[in-house]
1. For a protection proxy built on the mean count of beta-carbon atoms within 10 angstrom, sort 169-179, 115-125 highest first, please.
2. Could you sort the peptides 215-225, 93-103, 144-154 by per-residue average Cβ neighbour count (10 Å cutoff), highest mean leading?
3. Please give the Cα centre distance for the stretch 67-143 versus the stretch 147-165, rounded to the nearest Å.
4. Under the rule of at least 5 residues apart or a separate chain, name every residue whose amide H is placed under 5 Å from the amide H of MET196.
5. Nothing charged except the Cβ atoms of Lys and Arg (+1) and of Asp and Glu (-1): what's the magnitude of the dipole of the stretch 51-132 about its Cα centre? Round to the nearest 20 debye.
6. Per residue of the stretch 223-232, in order, report the coupling 6.51 cos²θ - 1.76 cosθ + 1.60 (Karplus, θ = phi - 60°) as ³J(HN,Hα) in whole Hz, putting x for Gly and Pro.
7. Would you list which aspartates and glutamates come within 19 Å of LYS83, measuring only between C-alpha atoms, while excluding same-chain residues fewer than 8 positions from it?
8. Between ALA72 and THR46, how many nm apart are label points set 7 Å from Cα along the C-beta direction?
Amino acid sequence: MASTIRKSRVLDADGNNLVAISGAGGTRYESMPVWMARHWEASETTRLNQAHWQMADNQDRPINEWIAEQLATIRGRAIYEWKQNGTIAGMVNTLADDVVGPDGPTLEVQSESEDYNNAAEAVWREWFRAPTFRPNMSGAALLRLWVKNLPRCGEFLAQIATDPAAPGPVKMRLRPKHPRDLESPLDRAGDPRVIMGVEFTSTQFDRPARYWFNRMSPDGLGTISEPWPADLVIHEYMVDEEGQARGFPWLTPSLQTAADLRDYDDQVQDAARQMADQSGLLYTENPDEPWMTPETSTVERRTIKM
C-alpha cells in the first residue's frame, strides 16, 4: 500500500523558510525550492506575526462546532461587559431605540371597506399593547428586548402559545425565552441532527423540526427539557456561514478591545489619583518628638499630616 507524503512550510530557529516532508519514515526538513517562493505576503509566517496568526489555522472547522464550544463563554462575557461598561450599554440601548422607535411599528390596513380597516387596526393595537403573557410588556418593549439580545447573545427566541385569559379576540401570545434556555437534552447528545438545542429534519441542517427548551421542573428542584415544534418558535439570528444553527453575540469581535480599554481607563485614573495624593516626607532627628509614630498616616486631600 502506497504511503502518504505530506509537505508543509515551517520556520527554523533563525526564521528561515523550510519544507517539512512527512511520510512513513518520519519527517525531514529541506530548504524551500525556488518554485515555492511565489506567494502572497499575507500568507507569510514570520517571527513578528506568528503570535497574531497562531489561531488562524483552525478556522476551517465547521461553524457549529466552533459555536457549541465557545458560545456560553462568549455570551457570558458579552452580557457581563454590557452590564459593566457604560459605553457598551449605551451603544446597545441606542441601537434598540433607533431600530424600534418610541412606540414600535404600526399597522395600516387598506381595503375597500373602511369599517374593516378600522376594526382590524383596532384589534392589532389591542394585541400589540400586550403581546406576551405579561400585561405590562408592550410590543415595543418586546422588540427592544429582541434587538438588545443581538449584540449580547447574537439571537432572540420566543415561543408561540395560547393564553385563554388574554383580553380581546386574539388569544395568541408570545413567551420570550433567553437563548441560554435553548439546550440539547442529555438523552439526545448522540443525535447528529440535534445541535445546541435545535433538532433538524436531517443531518444537512436544512429545516428545524423541534426546539428543546429548559424550564423549571414542577417540584422546583431542577430543570427539564421540553420540545417545541419549530412552527411555534421564533428564532432569529445573523447567518454568517452555511449550515449555521445558532447565532453568536455581535459584540464578539470587540469584546477584548472593550475590556482592555475599560481596564486602561481604571489604571490611568489610579495613576492620576496616586500622583494627586502624593505627600511630602517629614522627619526629625529629635527622638523625643511624639509625632514620629505611627510611621504611616492617612493623607487627606490637599493636606500634609505630621
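1. Order by mean packing, descending: 169-179, 115-125.
2. Packing order, densest peptide first, comes out as 144-154, 93-103, 215-225.
3. 9 Å
4. The list, which skips near neighbours in sequence, is SER184.
5. 620 debye
6. My calculation for the stretch 223-232 gives 10, 10, 9, 10, x, 10, x, 4, 6, 10 Hz in order.
7. ASP97, GLU155, ASP260, ASP263, ASP265, ASP266
8. Here the modelled spin labels are 4.2 nm apart.
Rule-based calculations on the coordinates, nothing more; no lab input. This one's a predicted model, so the numbers in the text were calculated from it and none came from an experiment. Neighbour counts are summed over all protein chains in view; Cβ atoms, including those assigned to glycine, are modelled from backbone coordinates with ideal geometry.
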